[in-house]
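To start, the structure under review is shown below, and the notes come after it.
The values are calculated or read from the model by the stated rules, or taken from the named source; none is laboratory data. Everything numeric in this text was worked out from a predicted model, so none of it was measured. Counting neighbours? That spans all protein chains shown, and the Cβs are built from the backbone with ideal geometry, glycine included. Keep in mind that these areas ignore ligands, DNA and RNA; they rest on the heavy atoms of the full protein, side chains included. Shrake-Rupley method; radii C 1.70, N 1.55, O 1.52, S 1.80 Å.
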Amino acid sequence: MVFQNKRNAVEFGDFQTPLSLADSVVAVLSSLKINPKSIIEPTCGKGVFIEASLSGFSDVQYVLGVDVNYEYVQIAKSKFKNNVSIKPHVNIIHENFFDVDWKDKLQFMNDPLLIIGNPPWVTNSKLGTIGGTNLPKKSNFNNQSGINSITGKSNFDISEWMILKYFNWLNGRKGVIAVLCKTSVARKILISLWKDRYKIVSSRIYKIDSLRHFGVSVDACLFVLETGENINTSCYIFNSIESSSPSNILGYRNGFIVTNIIEFDRYRDLEGKDKNYTWRSGIKHDCSKIMELLIFHNNYKNGLGELLDIEEKFLFPLLKGSDIGNGRNVNRTMMVVTQRNVGEETSSISKYAPKTWKYLDENREFFNKRKSSIYKNKPSFSIFGVGNYSFSPWKIAISGFYKKLSFVKISPSISGKPFVFDDTVYFLPCWSEKEADFLYEILTSPQAMGFYNSMIHWDEKRPITISLLKRLNIEKLAEKLGRFKEYNEFIKQYDRKNIVTLEVSS
């Protein structure tokens, strides 16, 4: 098989590693006193890792390279075919990774074993969009862990599946895995292995310049893991492949990966679920062209460019993730909020706001095209992420997509209506400015910021998640800061179930 176009290059991960980078990888492994007897490159391409390994390791007895691209296999074979100086047996075969009987191949290889290379940086959903089929068969994993859970996901990185497969090969054997991959994939693998108590003697992440080496702007790394008899749940992070000293230590605490275990351990007494304050997400509707309206010369304009004349009753001022991320608290956009609670009937809109109902009904086709199953068998024009909390007058909000830990205090709009958010925003509902000030002050304290920063992975697409925010126990934080009395007063002062009804109906 020869890759004739960009689509095939993406599907098969055809981003060839430069020899200089492969040499740097081998140099790192040599500095760690790794000297394998057997080497496998499961997606060998033109064989640069094999070439670098044969130059860098002295005790190699057998090398196996596999690739799906016939042309590349021939290029790799030609590098070693007539080289009499190569002592170990080098076997390069043309086969698809997913079709190889790896158990049969591995049984004759001596330890220590090195699995090296650059598995494809592509997700199964990306392959789906281009019609690709070069991926593992999905399985009904029934809450299983490891590879089975990966292949049951709606979306997963192909390299994640492959690298976890490598660990199955090394189960009970002494060996090393050294691969180039996305940094987010390395963390996912670590948490899978640490949860399942795999025997990892050591793990290291060396950041690489993917733009320089591959022409793609992705947070990527050299990921090195060594198997053995012990379990080590710490991973050293190096700022570059040339670094000799780690800049940080990644770790595993209470079922989560933490970015900085030293900082996390310093504030770990703040961890826990708060029984009174719950982080919420903004409203999800998946129909922005119809539901989000720009304020335009005392009128409203939808995403289709149409000017609208509808009632104010179901319109609420909207702040999007970009507004929160940039600290904006300006009413420029409105959202049509069709429900006060998830699942609530919507037919009453026709009675209280007939123009709004007519507008929604005329654009029903946009709602019918929503792909998410959450809207199936729900009332017309349903939304999600809505509840009494959505209509609190004050809020402490943060954007999930922005690369900064920045909480924003949100006041009611000029009209007196509470702001609502899109689903990229997380927030704590507050019932008075005094309560909002209290929460803002303690959430921006060095203790809270230190706790959160110890766990945030800034290279993620959405570094701030609701699960991350919920890990901080606000009650414990207030107590640590000597402000428990205020915390307790706010909890007792406001009836969190009834006060919102008053706000909305007023």
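Structural remarks
- For the pair residue 347 and residue 369, the difference between a 0.36 nm per residue extended length and the Cα-Cα distance amounts to 5.9 nm.
- On the basis of the beta-carbon distance and an R0 of 41 Å, residue 171 and residue 288 show a calculated FRET efficiency of 0.30.
- Residue separation of residue 103 and residue 275 scaled by 0.36 nm, minus their Cα-Cα distance, works out to 56.9 nm of gained length.
- Förster-model FRET efficiency, 56 Å R0, residue 299 and residue 481, C-beta, rounded to 0.05: 0.75
- Ligands, DNA and RNA excluded, the heavy atoms of residue 191 present near 40 Å² of accessible surface to a 1.4 Å solvent probe.
- Computed packing ranks the peptides 435-441, 300-306 as 435-441, 300-306, most packed first, by mean other Cβ atoms within 10 Å.
- Per-peptide average of other Cβ atoms within 10 Å, ordering 237-247, 369-379, 58-68, 212-222 highest first: 58-68, 212-222, 237-247, 369-379
- Shape class for region 408-457, computed from the alpha carbon gyration tensor (a ≥ b ≥ c): oblate, with a/c not under 1.5 and a/b at or below b/c.
- With protein chains left intact and a 1.4 Å probe, residues in region 214-346 average 47 Å² of accessible area per residue.
- Rolling a 1.4 angstrom probe over the chain with all protein chains present gives an accessible area of which 48% lies on carbon and sulfur atoms.
- Model label points for residue 434 and residue 89, set 7 angstrom from Cα along the Cα-to-Cβ axis, are 8.3 nm apart.
- Phi to ³J(HN,Hα) by Karplus 6.51 cos²θ - 1.76 cosθ + 1.60 over region 175-192, Hz, x for Gly, Pro: x, 9, 10, 9, 9, 8, 7, 5, 4, 5, 5, 4, 5, 4, 5, 4, 5, 5
- Solvent exposure of region 356-477, expressed per residue, is 40 Å² of accessible area, with all protein chains present and a 1.4 angstrom probe.
- Whole-Hz ³J(HN,Hα) from phi, Karplus 6.51 cos²θ - 1.76 cosθ + 1.60, for region 244-253, glycine and proline x: 9, 10, x, 8, 6, 10, 7, x, 10, 9
- Across 376/404; 404/476; 320/417; 320/355; 301/371, pairs whose alpha-carbon gap is larger than 28 Å: 376/404
- Computed accessible area, residue 109, all protein chains, 1.4 angstrom probe, square angstrom: 10 Å²
- Each residue was assigned an accessible area with a 1.4 Å probe, and for residue 89 the value is about 110 Å².
- Under 12 Å from the Cα of residue 351 - aspartates and glutamates, other chains or at least 8 residues apart: 311
- Note on the chain: helix-only mean residue ellipticity at 222 nm, from DSSP H runs of 4+ residues weighted -39500 (n - 2.57) and normalised by residue number, equals -9000 deg cm²/dmol.
- Heavy-atom SASA rank of 195, 79 (probe 1.4 Å, accessible area, largest first): 195, 79
- The accessible-area ordering, largest first, of the residues 95, 312 stands as 312, 95, per a 1.4 angstrom probe.
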